[in-house]
1. Out of all the residues in region 99-111, is one or more in a helix (DSSP H, G or I) and touching a residue at least 40 places away in the same chain (Cβ under 8 Å)?
2. List pairs: first residue in region 5-16 and closer than 8 Å to G114 by Cα, second residue aliphatic (A, V, I, L, M) and not in a loop (DSSP other than H, G, I, E, B) anywhere in the structure, Cβ distance under 8 angstrom, at least six positions apart or on different chains.
3. When you scan region 62-80, do you find a residue that is touching a residue at least 40 places away in the same chain (Cβ under 8 Å), within 21 Å of G6 (Cα to Cα), part of a loop (DSSP other than H, G, I, E, B) and of a type outside the set (S, T, Y), even just one?
4. Mind checking which residues of region 41-67 are charged (D, E, K, R), within 19 Å of A83 (Cβ to Cβ), over 14 Å from the mean Cα position of the chain (by Cα) and at pLDDT 95 or above?
5. When you look at A93, is it closer than 20 Å to R19 by Cβ and hydrophobic (A, V, I, L, M, F, W, C), yes or no?
6. Quick one: is G49 surrounded by 17 or more Cβ atoms within 10 Å (Cβ to Cβ), closer than 22 Å to D112 by Cβ and not basic (K, R)?
7. Can G114 be described as in a loop (DSSP other than H, G, I, E, B), in contact (Cβ under 8 Å) with a residue 60 or more places away in the chain and either within 24 Å of R19 (Cβ to Cβ) or of a type in the set (A, V, I, L, M) (or both)?
Amino acid sequence: MSGLLGSAVPAPEKRARFRKALESGRLQRFPGAFSPLVAKLVAELRFDGVYVSGAVLAADLGLPDIGLTTLTEVGARGGQIAAVTDLPTFIDADTGFGEPMSAARTVTVLEDAGLAG
(Lines give C-alpha, C1' and ligand atoms only; values in the text may rest on other atoms or scores of the structure.)
Protein backbone atom coordinates (compact mmCIF):
# COMPACT_ATOMS: atom_id res chain seq x y z
CA MET A 1 0.00 0.00 0.00
CA SER A 2 1.30 3.45 -0.88
CA GLY A 3 2.31 5.81 1.87
CA LEU A 4 0.59 9.12 2.47
CA LEU A 5 2.98 11.09 0.29
CA GLY A 6 4.17 8.42 -2.09
CA SER A 7 5.31 4.87 -2.50
CA ALA A 8 6.17 2.86 0.58
CA VAL A 9 8.19 0.45 -1.60
CA PRO A 10 11.78 1.39 -2.54
CA ALA A 11 12.60 1.45 -6.26
CA PRO A 12 15.04 -1.51 -6.11
CA GLU A 13 12.29 -3.65 -4.60
CA LYS A 14 9.87 -2.58 -7.35
CA ARG A 15 12.46 -3.59 -9.96
CA ALA A 16 12.97 -6.96 -8.27
CA ARG A 17 9.22 -7.57 -8.20
CA PHE A 18 9.02 -6.65 -11.88
CA ARG A 19 11.78 -9.10 -12.83
CA LYS A 20 10.18 -11.86 -10.76
CA ALA A 21 6.79 -11.23 -12.37
CA LEU A 22 8.32 -11.41 -15.85
CA GLU A 23 10.07 -14.68 -14.97
CA SER A 24 6.75 -16.17 -13.85
CA GLY A 25 5.56 -16.33 -17.45
CA ARG A 26 2.20 -14.90 -16.38
CA LEU A 27 0.67 -12.15 -18.50
CA GLN A 28 1.40 -8.80 -16.85
CA ARG A 29 -1.24 -6.05 -17.00
CA PHE A 30 0.39 -2.60 -17.20
CA PRO A 31 -2.13 0.02 -18.32
CA GLY A 32 -0.83 3.40 -19.42
CA ALA A 33 -0.65 6.38 -17.10
CA PHE A 34 0.18 9.89 -18.23
CA SER A 35 0.10 11.46 -14.78
CA PRO A 36 0.61 10.57 -11.13
CA LEU A 37 -3.17 10.68 -10.57
CA VAL A 38 -3.78 8.10 -13.29
CA ALA A 39 -1.02 5.91 -11.79
CA LYS A 40 -2.86 5.99 -8.46
CA LEU A 41 -6.04 4.86 -10.22
CA VAL A 42 -4.14 2.02 -11.91
CA ALA A 43 -2.91 0.87 -8.49
CA GLU A 44 -6.36 1.18 -6.95
CA LEU A 45 -7.74 -1.09 -9.69
CA ARG A 46 -5.10 -3.70 -8.74
CA PHE A 47 -3.19 -3.93 -12.00
CA ASP A 48 0.30 -5.45 -12.02
CA GLY A 49 2.15 -2.26 -12.88
CA VAL A 50 2.08 1.07 -14.67
CA TYR A 51 3.19 1.82 -18.23
CA VAL A 52 4.35 5.29 -19.31
CA SER A 53 4.18 5.82 -23.07
CA GLY A 54 6.71 7.97 -24.88
CA ALA A 55 4.04 9.09 -27.35
CA VAL A 56 1.74 10.17 -24.52
CA LEU A 57 4.55 12.06 -22.77
CA ALA A 58 5.29 13.90 -26.02
CA ALA A 59 1.60 14.70 -26.51
CA ASP A 60 1.36 15.94 -22.92
CA LEU A 61 4.14 18.41 -23.76
CA GLY A 62 2.33 19.46 -26.94
CA LEU A 63 4.94 17.77 -29.15
CA PRO A 64 4.63 15.27 -31.98
CA ASP A 65 6.00 11.78 -31.28
CA ILE A 66 9.13 12.19 -33.40
CA GLY A 67 11.86 12.06 -30.77
CA LEU A 68 11.70 15.64 -29.52
CA THR A 69 11.36 14.86 -25.81
CA THR A 70 14.52 14.89 -23.72
CA LEU A 71 15.83 12.47 -21.14
CA THR A 72 15.30 15.18 -18.53
CA GLU A 73 11.61 15.53 -19.42
CA VAL A 74 10.97 11.80 -19.63
CA GLY A 75 12.88 11.05 -16.42
CA ALA A 76 11.13 13.81 -14.49
CA ARG A 77 7.59 12.82 -15.49
CA GLY A 78 8.34 9.11 -15.17
CA GLY A 79 9.77 9.68 -11.71
CA GLN A 80 6.69 11.63 -10.64
CA ILE A 81 4.46 8.79 -11.83
CA ALA A 82 6.57 6.05 -10.23
CA ALA A 83 6.76 7.89 -6.91
CA VAL A 84 3.03 7.73 -6.17
CA THR A 85 2.47 3.98 -6.42
CA ASP A 86 3.94 0.81 -4.99
CA LEU A 87 3.60 -0.83 -8.41
CA PRO A 88 6.58 -1.14 -10.76
CA THR A 89 6.53 1.52 -13.48
CA PHE A 90 7.73 0.64 -16.98
CA ILE A 91 8.62 3.55 -19.27
CA ASP A 92 9.15 3.94 -23.01
CA ALA A 93 12.60 5.49 -23.43
CA ASP A 94 12.32 5.56 -27.23
CA THR A 95 15.81 5.11 -28.68
CA GLY A 96 17.69 5.78 -25.44
CA PHE A 97 18.33 9.43 -26.31
CA GLY A 98 21.43 8.97 -28.42
CA GLU A 99 24.28 6.62 -29.07
CA PRO A 100 25.12 3.55 -26.91
CA MET A 101 26.78 5.55 -24.11
CA SER A 102 23.72 7.82 -23.98
CA ALA A 103 21.46 4.78 -23.82
CA ALA A 104 23.48 3.43 -20.88
CA ARG A 105 23.13 6.79 -19.14
CA THR A 106 19.39 6.72 -19.87
CA VAL A 107 19.05 3.44 -17.96
CA THR A 108 20.90 4.91 -14.97
CA VAL A 109 18.85 8.13 -14.95
CA LEU A 110 15.54 6.29 -15.24
CA GLU A 111 16.48 3.80 -12.52
CA ASP A 112 17.53 6.70 -10.28
CA ALA A 113 14.10 8.25 -10.95
CA GLY A 114 12.49 5.12 -9.51
CA LEU A 115 11.44 3.40 -12.72
CA ALA A 116 11.47 -0.37 -12.99
CA GLY A 117 12.17 -0.78 -16.66
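1. yes
2. Correct list of pairs: A11/A82.
3. no
4. E44
5. Considered against the rule, which asks whether it is closer than 20 Å to R19 by Cβ and hydrophobic (A, V, I, L, M, F, W, C), A93 comes out as yes.
6. Yes: the conditions hold for G49.
7. yes
Yes or no, residue by residue, for (1) at negative phi; (2) crowded, with 23+ Cβ neighbours inside 10 Å; (3) not hydrophobic (A, V, I, L, M, F, W, C):
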site: R77; (1), (2), (3): yes, no, yes
site: Q80; (1), (2), (3): yes, no, yes
site: I91; (1), (2), (3): yes, yes, no
site: D94; (1), (2), (3): no, no, yes
site: P100; (1), (2), (3): yes, no, yes
site: E111; (1), (2), (3): yes, no, yes
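The values are calculated or read from the model by the stated rules, or taken from the named source; none is laboratory data. For clarity, every value in this text was computed on a predicted model and none was experimentally measured. A quick note on method: Cβ atoms are made from the backbone with ideal geometry, for glycine too, and the neighbour counts reach across all protein chains shown.
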